[in-house]
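Worksheet: the structure to be examined is printed underneath.
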Amino acid sequence: MINFNELTEIIESNNSFLLTTHVNPDADAIGSEIAFYQILKKLKKEIKIINHSAMPYNLQFLDAEHQIEKYEEAKHKKFLFEYDVLVALDFNRADRLVSMQDSFTESNKLKICIDHHQDAELFADHFFTGSDYAATGHIIYDFILKTSIVKMNREIAYPIYAAIMTDTGSFRFERTTPELHGIVADLLNYDIQPSEVFNKLYDESKLSKIKLLGRCLNSLQIIDGKIGYMTITQIDFNELDAIESDTENFVNHILSIEGVKLGLLFIELKNGFKVSFRSKGTLPVNKLAAEFGGGGHLNASGARFRDKQMKEMTPEILNKAKTYSEKHLKEENV
Ligand code: 5GP
Ligand code: MN
């Protein structure tokens with residue numbers, strides 16, 4: 001159980017709050033920042049929202065007041081040492097902050113983490129976390145419900161709805177419970193149109209994204225009928241003028257193949273690469289990602305490899321994935 005009274009006390013006894021989220025933010029990351037910002041704004045707090053990554057173009061609609069800034073050391077570093085409270089939303093490891101990590105870690109300001117991932121690193125002073133929540137936005141909803149710290153309104157409900165929609169894969173992943181649908185029903189009372197939010201999130205893609213998906217699907221390989229993997233290189237990004245956030249959800253196509261239990265998407269970055277891991281059923285990919293210093297959820301995890309060559313490391317990662325899934329499937333059948 002999250003101690004929401006403690007969170008209320010922290011908010012009430014401080015004046016300025018700096019909110020941040022993980023690299024390559026999704027709608028739960030951005031939606032949680034905006035919802036929490038709206039709460040703090042109602043309470044007349046001083047607020048800044050600063051992220052390592054630029055805002056993905058399909059999420060800009062969530063930041064109607066243009067509050068979110070992209071971190072630039074010369075301009076923003078000082079705020080991490082000046083604001084009373086640093087609020088980490090939707091992540092639980094400092095390395096997810098990339099360029100902001102060192103300053104965040106060095107700062108002696110109060111740090112709080114609001115998140116729904118498993119296996120938190122002790123990088124904050126207070127944790128308001130629970131891995132049975134479907135989204136960080138779900139935690140923020142619960143916070144308002146349990147404490148009545150502010151009255152729910154459309155400005156808060158809208159980003160929370162977007163957060164829950166994305167992190168539940170549009171209301172189909174495991175943590176989509178009757179209780180969660182009750183919350184979603186409540187949110188819809190605040191003049192929210194599901195189709196409008198869905199269209200903004202998923203149906204306003206650039207052509208470059210769809211072309212990139214085509215190339216990505218073309219790269220698909222299947223191992224033993226159970227593991228699928230795809231690759232996107234820097235050449236693909238450059239030739240198609242696409243960006244990392246365009247790759248969101250690509251990996252799920254692998255799991256749409258009958259019999260495939262584990263999907264990996266290798267994405268080459270400017271300085272290194274990342275791997276997205278997805279699984280069907282009980283195969284815990286967060287443990288597999290953890291073998292490479294990553295993490296995440298049971299069925300959706302990721303790991304980043306800084307300054308490493310993707311091509312060189314791919315066979316080793318696939319081998320580990322193969323051994324891992326064979327071991328798990330064997331144990332499951334015992
Ligand atoms: P994605 O594959 O969509 O980037 O990430 C899937 C999930 O894995 C996300 O919920 C995210 O929190 C987690 N994740 C992705 N990359 C990393 C990483 O480098 N480190 C950790 N700890 N978690 C990650
Ligand atoms: Mn999330």
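Laboratory data are not the source of any read-out in this text; all were calculated from the coordinates shown. A quick note: this is a predicted structure, and the numbers were derived from the prediction, not measured. Cβ atoms come from the backbone with ideal geometry, glycine included; neighbour counts cover every protein chain shown.
Data table
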| read-out | value |
| --- | --- |
| Between the range 21-84 and the range 307-334, the Cα center-to-center distance that results, in Å | 36 Å |
| Net +/- balance of residues flanking residue 91 in space, Cβ distance below 15 Å, scoring K and R +1, D and E -1 | -4 |
| Sorted by Cβ neighbour density within 10 Å, fewest at the top, the residues 39, 149 | 149, 39 |
| Anchor residue 41: lysines whose Cα lies under 17 Å away (excluding residues fewer than 8 positions away in-chain) | 151 |
| Extension reserve of the residue 132-residue 179 stretch, reckoned as 0.36 nm per residue once the Cα distance is removed | 15.7 nm |
| Kirkwood hydrodynamic radius of the range 4-201, Cα pairs, Å | 16.7 Å |
| Zone of residue 208's modelled label, taken as backbone nitrogen in the range 219-237 under 16 Å from a point 7 Å along Cα→Cβ | 233-237 |
| Those aspartates and glutamates that a straight Cα-Cα span of less than 16 Å connects to residue 330, excepting residues fewer than 8 apart in one chain | 224 |
| Counted charge near residue 196, where neighbours are those whose Cβ lies closer than 15 Å (Asp, Glu -1; Lys, Arg +1) | -1 |
| Cross-link pairs 42/287; 200/287; 206/226; 44/209; 45/146 - those with Cα-Cα distance over 29 Å | 42/287; 200/287; 206/226; 44/209 |
| Residue of 23, 85, 150 that the Gaussian network model of the chain assigns the largest fluctuation, springs spanning Cα pairs under 10 Å | 150 |
| Footprinting exposure proxy for 131, 13 (fewest neighbouring C-beta atoms within 10 Å first) | 13, 131 |
| Net charge, residue 16 excluded, C-beta distance under 10 Å - Lys, Arg +1, Asp, Glu -1 | 0 |
| Mean projection area, nm², convex hull over Cα of the range 29-75 | 3.5 nm² |
| From phi via Karplus (6.51, -1.76, 1.60), per-residue ³J(HN,Hα) for the range 280-293 in Hz, x at Gly/Pro | 10, x, 9, 6, x, 6, 5, 6, 5, 4, 5, 5, 10, x |
| P(r) tail fraction, the range 174-259 - alpha-carbon pairs more than 21 Å apart, % | 51 percent |
| The range 274-288-the range 197-244 distance, computed between alpha-carbon centres (Å) | 19 Å |
| Max mean-square fluctuation residue, GNM over the chain, Cα-Cα springs under 10 Å, options 52, 253, 138 | 253 |
| Top positive-direction residue, dipole computed over the range 207-333 with Cβ charges, set 324, 207, 223 | 324 |
| Calculated P(r) tail over 39 Å for the chain, as whole % of Cα pairs | 12 percent |
| Intensity falloff of the range 105-230 expressed as log10 I(q)/I(0), Debye formula with alpha-carbon point scatterers, at q = 0.14, 0.15, 0.19, 0.22 Å⁻¹ | -0.83, -0.90, -1.09, -1.20 |
| Label-point gap, in nm, between residue 81 and residue 252 - each point 7 angstrom along Cα→Cβ | 4.3 nm |
| Cβ-Cβ FRET estimate between residue 330 and residue 217, R0 fixed at 22 Å, reported to 0.05 | 0.15 |
| Within the chain, helix-based [θ] at 222 nm, where runs of 4 or more DSSP H residues each add -39,500 (n - 2.57), nearest 500 | -12000 deg cm²/dmol |
| Rg/Rh (Cα only; Kirkwood hydrodynamic radius) as it applies to the range 207-333 | 0.96 |
| Positive dipole terminus of the range 188-334, leading residue within 302, 284, 242 (C-beta point charges) | 284 |
| Residues of type aspartates and glutamates that residue 211 reaches as a straight line, Cα spacing below 12 Å, ignoring anything fewer than 8 places off in the same chain | 236, 239, 241, 246 |
| Cα-centred dipole magnitude for the chain, charges only on beta-carbon of K, R (+1) and D, E (-1), debye, nearest 20 | 440 debye |
| Pairwise FRET efficiency - residue 307 versus residue 105, Cβ, R0 = 30 Å, nearest 0.05 | 0.95 |
| Shape metrics for the range 87-179, restricted to C-alpha atoms - Rg then Dmax, Å | 14.3, 42 |
